[in-house]
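Peer 1: Sharing a structure here in structure tokens format.
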Amino acid sequence: MTKRPARRPAKRPAPSSASAKSSTAVPAFDGTVLERIAAALERLAPPPPAAPDLDAADAFVWQPEGRRLVPVPRVNRVEMSLLKGIDRMRDVLIENTERFARGLPANNALLWGARGMGKSSLVKAAHAGVNAALARDSGKASKNGKAPLKLIEIHREDIESLPELMTLTREATGYRFIVFCDDLSFDNDDTSYKSLKAVLDGGIEGRPDNVIFYATSNRRHLMSRDMMENERSTAINPGETVEEKVSLSDRFGLWLGFHRCSQDEFLAMVEGYVAHFRIPIAPDELRRECLEWATTRGSRSGRVAWQYIQDLAGRSGVRLS
């Protein structure tokens, strides 16, 4: 049987010089294509944040999304004369705020203690009172009738964005800012307090000269007692761990403690509201009703007094405005 000769693979034709050039050449783009790509990218990119209009109001709320200061046309505040039983704390905070507003050295302040005793109300009233004093001294508030001392509220959950807010306020020359955080506290596994520590004292830039930080809390050290006890029981060096957490409150030069009011102070709060809003009621009846109201609530405080006044005014047909 004869073997067939092996077939040799057919030789492929060598590519011509023209086809070789076409396979390796890079297509050329004209300028219009690049312009369309750049325009599309610009449309996708977020616009730069606009500079805040600080003359729009005297108080703002910080919104970290978009780095915005939302103006508050009407602040929910209580007049200073209606805050009873906190005379010493009132005088200290107002003096500190006045020094800061006039460009003198002042301390960050932590207002801590019993709930409902007027901590946040005092901060807002001090802001309004100092602005009024500045207006009387200068004969006018500022351009457009707006005061140079601004109140900025930052929410507890936005504390990590505090460095961005500091950058924004540092660039706002000609204004001074009270950055205010109400009900500030920290729980387990919450490390956002480190951002606050760096801003208040210890960062490279530090706190801007035109910014002061006021906070209210029910806790003196801004952390629950069981957190510190747990650290002592589980940490290798418990003293160092507890000191690292407690050192946050040391960043506040002023500690103003608020304690539960006495019965006489509670009655003075209620009587002050009744006189201010001109609510018609006999003194004996007022005393009996408000004490009964406090007993049913289980506490005496400025908040409880205000809640009773709202009930009394509603029954008497008096508007609280």
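Peer 1: For residues that are modelled with pLDDT of 75 or more, more than 15 Å from residue 250 (Cβ to Cβ) and touching a helix residue (DSSP H, G or I) at 6+ places or on another chain (Cβ under 7 Å), tally how many sit in the stretch 185-208.
Peer 2: So the answer is 1.
Peer 1: Hey, residue 136 hits all of (1) in a helix (DSSP H, G or I); (2) closer than 30 Å to residue 221 by Cα; (3) not hydroxyl-bearing (Ser, Thr, Tyr) but one; which does it fall short on?
Peer 2: Every listed condition holds for residue 136 apart from (2).
Peer 1: Let me ask another. For residue 52, state whether it is within 18 Å of the chain's Cα centre (by Cα), over 27 Å from residue 201 (Cβ atoms) and either surrounded by 10 or more Cβ atoms within 10 Å (Cβ to Cβ) or not small (Gly, Ala, Ser) (or both). So that I can check it myself, show each step before the final result.
Peer 2: Working: within 18 Å of the chain's Cα centre (by Cα): yes; over 27 Å from residue 201 (Cβ atoms): no; either surrounded by 10 or more Cβ atoms within 10 Å (Cβ to Cβ) or not small (Gly, Ala, Ser) (or both): yes.
In short, no.
Peer 1: Mind listing whichever residues of the stretch 283-317 are farther than 16 Å from residue 269 by Cβ, surrounded by 11 or more Cβ atoms within 10 Å (Cβ to Cβ) and among the hydroxyl-bearing types (Ser, Thr, Tyr)?
Peer 2: 316
Peer 1: Is at least one residue of the stretch 168-190 part of a helix (DSSP H, G or I), assigned by TED's automatic domain parsing to the domain that holds residue 67 and in contact with a Ser or Thr (Cβ under 9 Å, 6 or more places away or on another chain)? Show your work before the answer.
Peer 2: Here is the first cut: in the stretch 168-190, the residues part of a helix (DSSP H, G or I) are 168-170.
Restricting the remaining residues to those that are assigned by TED's automatic domain parsing to the domain that holds residue 67 gives 168-170.
Imposing the further condition that a residue be in contact with a Ser or Thr (Cβ under 9 Å, 6 or more places away or on another chain) reduces the set to none.
No, because not a single residue in the stretch 168-190 is part of a helix (DSSP H, G or I), assigned by TED's automatic domain parsing to the domain that holds residue 67 and in contact with a Ser or Thr (Cβ under 9 Å, 6 or more places away or on another chain).
Peer 1: Looking only at helices (runs of 4 or more DSSP H) that lie completely in the stretch 228-307, which have at least 2 residues being at pLDDT below 90?
Peer 2: Details: elements: 238-250, 263-277, 283-297.
Because the criterion is at least 2 residues that are at pLDDT below 90, the helices (runs of 4 or more DSSP H) in the stretch 228-307 that meet it are 238-250.
The values are calculated or read from the model by the stated rules, or taken from the named source; none is laboratory data. Source: prediction; values computed, not measured. Glycine also receives a Cβ, built like all others from the backbone with ideal geometry; neighbour counts cover every protein chain displayed.
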